[in-house]
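The values are calculated or read from the model by the stated rules, or taken from the named source; none is laboratory data. Everything numeric here is computed off the predicted structure, so don't read it as measured data. Please note: Cβ atoms are built from the backbone with ideal geometry, for glycine as well, and neighbour counts cover all protein chains shown. These accessible areas exclude ligands, DNA and RNA; they are computed on the full protein's heavy atoms, side chains included. Shrake-Rupley method; radii C 1.70, N 1.55, O 1.52, S 1.80 Å.
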Amino acid sequence: MHKYHTLTVASVVSETSDSLRIALNVPENLREVFVFKSGQHLPIQLSIDGKLVRRTYSISSVPGETPLIFGIRVQPGGKFSEFLQSNLKIGDHLEAMPPVGRFHAVPDPQKAKVRIAFAAGSGITPILSIMRTMLENEPESRFVLFYGNRMQSTTMFIEDLQALKNRFPGRLQLYFLFSQEDQELEIFSGRLDKLKVTQLYKAFCKKMIPDEVYICGPGTMLNGVKQALVSENVDESLFLIERYGALVNRKTQQLIPKAPANKKGSLVEVIMDGHKKSFEMAADGPDNLVDAAAVEGIVLPFSCRGGVCATCRTYVRSGEARMATNHGLEPWEVEKGFVLACQARPVSSKLTIDYDET
Ligand code: FES
């Protein structure tokens, strides 16, 4: 389950001048392993200049569909994305871990829900999967999307969105905003910040009672959207949020005090895929479980290492561990005993973490 598998590139095309659309074939014998819920992401690893580099990308295709499609924004200077843009071709192999992530939705054909989504840039990638899944499988449900980009030419998946609009004209409302291109209506110019979201919500959603709200984008955008909706009396418990970018922010890191190490070090037991392994974590060694396990030759799942993607999510079965930062877990998960292993260190002399607990 927590292993990387080799998938073959079925196609790779430029989605915009600075983004790619990649399709991966999943062989018959791995179809069950790669079953996913719309909105989840795919951890991918590559060897670049002899070093393993990992990233996670949200899947944009819908469950049950092959190949798996995902989009990536090519970041200037971005080691991984630039490597893919320059080198990846049909027939190449990529190492991928089965899809993970809590930012997901499961359709119920009996339900008639109103869903509102806010996406910025490549934040559209999981939202596209969720939208399509819901529109195709819940015939009475509606979807409203506000999608912010710099300009039309850099807008990922714009044709897919317009095609969806043509298929579901009565149940899908699409609003594009551009920050570097003037629009005929001023309300569609600018970024999805607090003021703009308040204007949009008052103009287009005031008569709706949302059942679910999806927000995906960088941290600054998430905060603006949340604040605007809360001030419009949208219940915060309806929000499902996925953050990207700005992986390590020192200010937010300090929100959770750095966990003190157990002075004598700790014995860490790992349960994964039904097997047990253990290692000693020294007090003066690496400050998180992922790195400490690697020193002992034990590979734990991880991707961003920044406390964001939750690829490293694990359950503390016994003992105590504390995280340095957390952008990837919901309060209920922390309360239940889940931690991000890339951010956590033991504070008890013995710790058991269980990757099989979901
Ligand atoms: S590896 Fe991404 S949150 Fe830990």
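Taking the conditions exactly as written (within 30 Å of residue 210 (Cβ to Cβ), outside the structural domain of residue 238 (by TED's automatic domain parsing) and touching a residue at least 24 places away in the same chain (Cβ under 8 Å)), does residue 54 satisfy them or not?
It is false that residue 54 is within 30 Å of residue 210 (Cβ to Cβ), outside the structural domain of residue 238 (by TED's automatic domain parsing) and touching a residue at least 24 places away in the same chain (Cβ under 8 Å).
For the stretch 25-45, which positions are surrounded by 19 or more Cβ atoms within 10 Å (Cβ to Cβ) and in a strand (DSSP E or B)?
Result: 38, 41, 42, 43, 44.
With 185, 164 as the choices, which residue is aliphatic (A, V, I, L, M) and either touching a helix residue (DSSP H, G or I) at 6+ places or on another chain (Cβ under 7 Å) or in contact (Cβ under 8 Å) with a residue 24 or more places away in the chain (or both)? Break it down into steps so the answer makes sense when it comes.
Details: 185 fails: either touching a helix residue (DSSP H, G or I) at 6+ places or on another chain (Cβ under 7 Å) or in contact (Cβ under 8 Å) with a residue 24 or more places away in the chain (or both).
Testing whether each residue is aliphatic (A, V, I, L, M) and either touching a helix residue (DSSP H, G or I) at 6+ places or on another chain (Cβ under 7 Å) or in contact (Cβ under 8 Å) with a residue 24 or more places away in the chain (or both) leaves just 164.
Taking the stretch 330-347, which residues are small (Gly, Ala, Ser) and away from the ligand (no atom under 16 Å from the Cβ)?
Result: 337, single match.
So which residues in the stretch 330-342 are part of a loop (DSSP other than H, G, I, E, B) and crowded, with 20+ Cβ neighbours inside 10 Å?
Across the stretch 330-342, the qualifying residues are 341, 342.
State which residue is surrounded by the most Cβ atoms within 10 Å (Cβ to Cβ) when the search covers only the stretch 308-329 and only residues that are more than 14 Å from the ligand (Cβ to nearest atom) and either basic (Lys, Arg) or within 22 Å of residue 45 (Cβ to Cβ) (or both).
322
Looking only at residues in the stretch 66-79 that are in contact (Cβ under 8 Å) with a residue 24 or more places away in the chain and over 23 Å from residue 33 (Cβ atoms), which one is least open to solvent (accessible area, probe 1.4 Å)?
74
As an exercise: evaluate residue 122 against (1) among the polar types (S, T, N, Q); (2) assigned to a strand (DSSP E or B); (3) more than 18 Å from residue 238 (Cβ to Cβ) and give the number of the one condition it does not meet.
(2)
Residue pairs, Cβ under 6 Å, 6 or more apart or interchain, first in the stretch 290-310 and β-branched (Val, Ile, Thr), second near the ligand (Cβ under 6 Å from one of its atoms) and modelled with pLDDT under 85. List them.
Partner pairs satisfying both residue conditions: 308/328.
Among the residues of the stretch 164-179, is there at least one that is of a type in the set (Lys, Arg), within 24 Å of residue 237 (Cβ to Cβ) and surrounded by fewer than 16 Cβ atoms within 10 Å (Cβ to Cβ)?
no
Please go through (1) closer than 19 Å to residue 133 by Cβ; (2) polar (S, T, N, Q); (3) surrounded by fewer than 17 Cβ atoms within 10 Å (Cβ to Cβ) for residue 8 and return the number of the only condition it doesn't satisfy.
For residue 8, the failing item is (1).
Taking residue 230 as the residue in question, decide whether it is in a helix (DSSP H, G or I), under 25 Å from residue 149 (Cβ atoms), open to solvent by 20 Å² or more (accessible area, probe 1.4 Å) and at pLDDT 90 or above.
Judged against the criteria, residue 230 is a match.
If residue 302 satisfies all but one of (1) open to solvent by 10 Å² or more (accessible area, probe 1.4 Å); (2) at pLDDT below 95; (3) out of contact with any Cys (no Cβ under 7 Å at 6 or more places or on another chain), what's the number of the condition it fails?
The single condition residue 302 does not satisfy is (3).
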